[in-house]
Each structure stands twice: as structure tokens, then as C-alpha cells.
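The values are calculated or read from the model by the stated rules, or taken from the named source; none is laboratory data. Everything numeric here is computed off the predicted structure, so don't read it as measured data. With ideal geometry, Cβ positions are generated from the backbone for all residues, glycine too; neighbour counts draw on all protein chains shown. Areas reflect the complete protein model, heavy atoms only, side chains present, ligands, DNA and RNA absent. Shrake-Rupley method; radii C 1.70, N 1.55, O 1.52, S 1.80 Å.
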Amino acid sequence: MGGNWEKAKESHEHSHSDFSTRTQTMQSSQTWIQALFFLALITVSLYLFQFFILSDRLIVSHHKITPKKHPLLPLRFNSDGTFKILQVADMHYGTGLTRCRDVLSSEFERCSDLNTTLFLKRMIDAEKPDFIAFTGDNIFGSSTNDAAESLFKAFGPAMAARLPWAAVLGNHDQESTMNREELMSFISLMDYSLSQPNPMDPTTQQVITNIDGFGNYDVRIRGPPGSHLANQSILNLFFLDSGDHAMVDGFRTYGWIKESQLSWLRSASKGHNQENHQPQISTPPPSLAFFHIPIPELRSGQFREIVGQYHEHVACSFVNTGVLKTLVSMGDVKAVFIGHDHNNDFCGNLNGIWFCYGGGFGYHGYGRAGSPRRGRVIVAELKKGKNEWMGVGSIKTWKRIDDEKLSKFDEQVLWTLS
């Protein structure tokens, strides 16, 4: 009897062992299936990540993610001794389809931001500039809910033409989805842009952060390739942030250039002059300055000479930090190019320095009905010696209006080497 019980017990244990083995086999199979499933899931996820995120098919703000395209540096005068700048002031770009302001129905059957784009393309094709300077109110912030998209559209023709360009902010750019720091950082990363949020210390090669505003920097232009000026900066372009709005003693006013900016400007000018002194020329290499809001001295109108149209009261801050005095004392800035007052396109001479409006460029910005939008061209020309270039000999300017012929007018000489 005991033997039968032991055999039954042994048979049961074998059966239990077989069951456990089968269970373990099934669990092992399930584990492998789960592992294969997760491996397949990971593989598919990695493929989708590569396809949509790392490939050029991902679209952000309707633009492909690509590395920034840089212009050929350093910027140089051409072999014919010229360097041409197109100034574009107050585009006031909206969404691309934003309506025009102050145009006659007889001028356009339909009118939108696209007219601004077309005008910029025509100016680029006609003048073939070496560089474009955008002097603020590039976009009209309150007319767009996507600042990045508007910036892409506003600066699109410059990038499409693969031209080096730089921008400062006006008093309307920041009224959308980016503040001024974010705007300048974004603009600095756009294709062919030489814009900078903050200037660089030439000695330490560190970014200067203890300075007011965003968009204070300089761009240096060297001599023609193959010339003895090829490694020298012979023209300097200063860009300054003139701010937007401010409250002073309970009163609202426009922004202004602060003392910290003027301190940097004086230092940068001095360094530039010391680095690029030419023994055969007694005066320092010339400079040009670009910012948006006019200085208070323009409002008083004490001009030695004026060329162009003065149709609008000068809108500026009532705070005077001595910008004109600083520029005069530096000695190298020959002309300043501004925007803000769309109906003014004149150049006025204050204490030997020309202050030139760009004139309203964009169709979504206000203007004068019946008066075409306009842009300004600046050309620096080298002086020719017996066998070599002698540095910048003259700076000239003119304007073109957006008519059928892009009519050219108000040609003038701003400065000549004495």
C-alpha cells in the first residue's frame, strides 16, 4: 500500500514538474515576445524620430530646420573700389497679407505686405547692394501673432538673394510674441545676418552684457581683395538700439540711446581707429551709424543744409543724452541713418554730420497717400592713388521710389576725404 502511495506521489511530482516546466517555457516565450515587441517599438520610434525630427521634413513656423547660412566674410570693398549699402526703414511687416495703409485705390488694385516684399526684391535687383541695413520697425508687432514668421517674411528677399544684412529694432518690433532680447537673438541666427544682440569685446572676445538695449554692435568693412588694404578695416558700421517707449517723471516718451551705449561706442571707435590707422591719411577711417529713433537735435532743426522732404514733425525722446556731442567728438562718424518718421526722407547736416532718413519703405506702415514708398542707397568709394587705393575717398547717397521705373532722385555727396 505504501509503495503504491509513493508511486502515486512520484507520478504527481513528475506531473507537477512537467507543468512547471511548461509554465516556465510559456513564460519564457512570453518574455521573448514582449522583448521583440519592445525592440520593434523602439526601432519604429527611432525611425519616426529620424524621419520627422532629424530629417529636413520637419517644418517649424513653415520653415525647414537647417544650419545658419553665413555670408562670405570678412566683408570687403569690391575690386572697383565701391561698397554699396541699401537702407530699408520701417517695413512694418504684418502677416504677409496685412492690408496697406495710405495708398490710393488708383495706385493698386490689391495691396498688402506682398507689395513691400516685391519692392525690396526690385530694389535688390536694381541696385545690387553689397549689404542691407534694416533700421527698425521691421515688423509691426500688433499686426501679427507670430513674430518669427513675420521676420522670415520681412527679411526673406535679403536671405533669398544671399546678401549679408544687419538690423536694429524700432519701437514696434517687440509688440508681438517676442521681447527685444528674443527678437535680436532670433535675428542674429537668421541666414546671412550679421546682427548681434550684444557687442563683442575685441580684447577678450567676450560678449559685453553691461550695456543698455539689444542690438548694439559694429560691422567692419575691409579693403578690396589683393590690395594693400585687404587686411584693414577701412569703413566701420555702427548699429545702436534706440529703444521703444519709456516713462520719465510720469510722462510717456520715446526711447533713447543710453550712456552705456555711448561709452561702448566711444571705445569701439577708438579701438577701430588705432587698429586701422593709415600713415598716408591724416584722418581716421570713416564710420556710419544706424539706429531707428531720431535724436532731439533733429527736432530743433538747426541744420547747416538739408536735402529731401521734411513733411513730418520729428518724433523723438525729450531725453537728451548727448548723442550728437559724442558723435562729433569721435570724429569718424560721417553720417547717421535713421527711420521712425515715415514721411521724412531728408538728409540734414548737424555740426558736420549728416542725419538721413530712409523714408517709409513698407506698405503696412503709415505714409502719404499718393506719395510712393521709398528706400535709400549709400555708396562708399575708395580714393585712387598712383598705383594703389588710398582708403575711402567719398560717401554718396540717393533714393529710389516704388514707381514703374524705380525713379532715382536726391543724389548727394555726404562726405569727401580732404
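Mind checking which residues of the stretch 375-386 are basic (Lys, Arg), in a strand (DSSP E or B) and open to solvent by 20 Å² or more (accessible area, probe 1.4 Å)?
Of everything in the stretch 375-386, those that are basic (Lys, Arg), in a strand (DSSP E or B) and open to solvent by 20 Å² or more (accessible area, probe 1.4 Å) turn out to be Lys383, Lys384.
For the stretch 387-415, name all the residues that are in a strand (DSSP E or B), open to solvent by 30 Å² or more (accessible area, probe 1.4 Å), free of Cβ contacts under 8 Å to residues at least 60 places away in the same chain and over 20 Å from Lys121 (Cα atoms).
Lys396, Glu411, Val413
Name the residues in the stretch 73-96 that are in contact with a Lys or Arg (Cβ under 6 Å, 6 or more places away or on another chain) and surrounded by fewer than 24 Cβ atoms within 10 Å (Cβ to Cβ), would you?
Pro74, Arg76, Gly96, listed by residue number.
Filter the stretch 214-247 down to residues that are open to solvent by less than 10 Å² (accessible area, probe 1.4 Å), farther than 17 Å from Asn138 by Cβ and part of a loop (DSSP other than H, G, I, E, B), then give me how many there are.
3
Any residue in the stretch 291-314 that is closer than 23 Å to Leu262 by Cβ sitting within a Cβ distance under 6 Å of a residue that is open to solvent by 60 Å² or more (accessible area, probe 1.4 Å) and assigned to a helix (DSSP H, G or I)? List the pairs, counting only those 6 or more apart or interchain.
Close Cβ pairs (under 6 Å, with a partner that is open to solvent by 60 Å² or more (accessible area, probe 1.4 Å) and assigned to a helix (DSSP H, G or I)) amount to Val314/Arg299.
Looking at (1) surrounded by 13 or more Cβ atoms within 10 Å (Cβ to Cβ); (2) of a type outside the set (Val, Ile, Thr); (3) in a loop (DSSP other than H, G, I, E, B), which one does Ser263 not meet, given that it meets all the others?
Evaluating Ser263 over (1) surrounded by 13 or more Cβ atoms within 10 Å (Cβ to Cβ); (2) of a type outside the set (Val, Ile, Thr); (3) in a loop (DSSP other than H, G, I, E, B) leaves (3) as the failure.
Looking at Thr321, is it assigned to a strand (DSSP E or B), polar (S, T, N, Q) and modelled with pLDDT of 95 or more?
Spelling it out, it is not the case that Thr321 is assigned to a strand (DSSP E or B), polar (S, T, N, Q) and modelled with pLDDT of 95 or more.
I'd like the full set of residues that are part of a loop (DSSP other than H, G, I, E, B), over 17 Å from Pro164 (Cα atoms) and touching a Ser or Thr at 6+ places or on another chain (Cβ under 6 Å), limited to the stretch 65-99.
Selection gives Met91, Gly94, Thr95, Leu97, Thr98.
Given Gly358, Gly331, which one is small (Gly, Ala, Ser), open to solvent by 20 Å² or more (accessible area, probe 1.4 Å) and in contact with a Ser or Thr (Cβ under 8 Å, 6 or more places away or on another chain)?
Unique residue meeting the criteria: Gly331.
Filter the stretch 384-405 down to residues that are modelled with pLDDT of 95 or more and not acidic (Asp, Glu), then give me how many there are.
11
Hey, could you check the stretch 65-91 for residues that are within 14 Å of the chain's Cα centre (by Cα) and of a type outside the set (A, V, I, L, M) and say which is farthest from Asp125 (Cα to Cα)?
Lys68
Select from the stretch 341-355 the residues that are among the polar types (S, T, N, Q) and assigned to a loop (DSSP other than H, G, I, E, B) and write down the one among them that is most open to solvent (accessible area, probe 1.4 Å).
Result: Asn351.
Considering the stretch 122-140 alone, what residues qualify as being acidic (Asp, Glu) and either outside any helix (DSSP H, G or I) or more than 12 Å from Lys84 (Cα to Cα) (or both)?
Of everything in the stretch 122-140, those that are acidic (Asp, Glu) and either outside any helix (DSSP H, G or I) or more than 12 Å from Lys84 (Cα to Cα) (or both) turn out to be Asp125, Asp130, Asp137.
Does the stretch 164-193 hold any residues that are among the polar types (S, T, N, Q), assigned to a helix (DSSP H, G or I) and more than 8 Å from the chain's Cα centre (by Cα), and which are they?
Once the filter is applied, which keeps residues that are among the polar types (S, T, N, Q), assigned to a helix (DSSP H, G or I) and more than 8 Å from the chain's Cα centre (by Cα), the stretch 164-193 yields Gln174, Ser185.
Determine which member of the set Ile338, Ile295 is within 27 Å of the chain's Cα centre (by Cα), surrounded by 22 or more Cβ atoms within 10 Å (Cβ to Cβ) and over 23 Å from Ile132 (Cβ atoms).
Ile295
Looking at the stretch 116-126, can you tell me whether even one residue there is open to solvent by 40 Å² or more (accessible area, probe 1.4 Å) and closer than 30 Å to Ile295 by Cα?
Taking every residue of the stretch 116-126 in turn, none turns out to be open to solvent by 40 Å² or more (accessible area, probe 1.4 Å) and closer than 30 Å to Ile295 by Cα.
Anything in the stretch 147-193 that is of a type in the set (S, T, N, Q), closer than 18 Å to Asp241 by Cβ and open to solvent by less than 10 Å² (accessible area, probe 1.4 Å)? List them, or say none.
Answer for the stretch 147-193, where residues must be of a type in the set (S, T, N, Q), closer than 18 Å to Asp241 by Cβ and open to solvent by less than 10 Å² (accessible area, probe 1.4 Å): Asn171, Ser193.
Identify, please: which residue in the stretch 248-260 is of a type in the set (D, E, K, R) and either free of Cβ contacts under 8 Å to residues at least 24 places away in the same chain or in a strand (DSSP E or B) (or both) and is, among those, least open to solvent (accessible area, probe 1.4 Å)?
Residue satisfying both the conditions and the ranking: Asp249.
Looking at Ser371, Ser418, can you tell me which residue is open to solvent by 10 Å² or more (accessible area, probe 1.4 Å) and under 22 Å from Gly94 (Cβ atoms)?
Ser371
Look through Ser55, Ser28 and report the one residue that is modelled with pLDDT under 55 and open to solvent by less than 80 Å² (accessible area, probe 1.4 Å).
Checking each option against the conditions leaves just Ser55.
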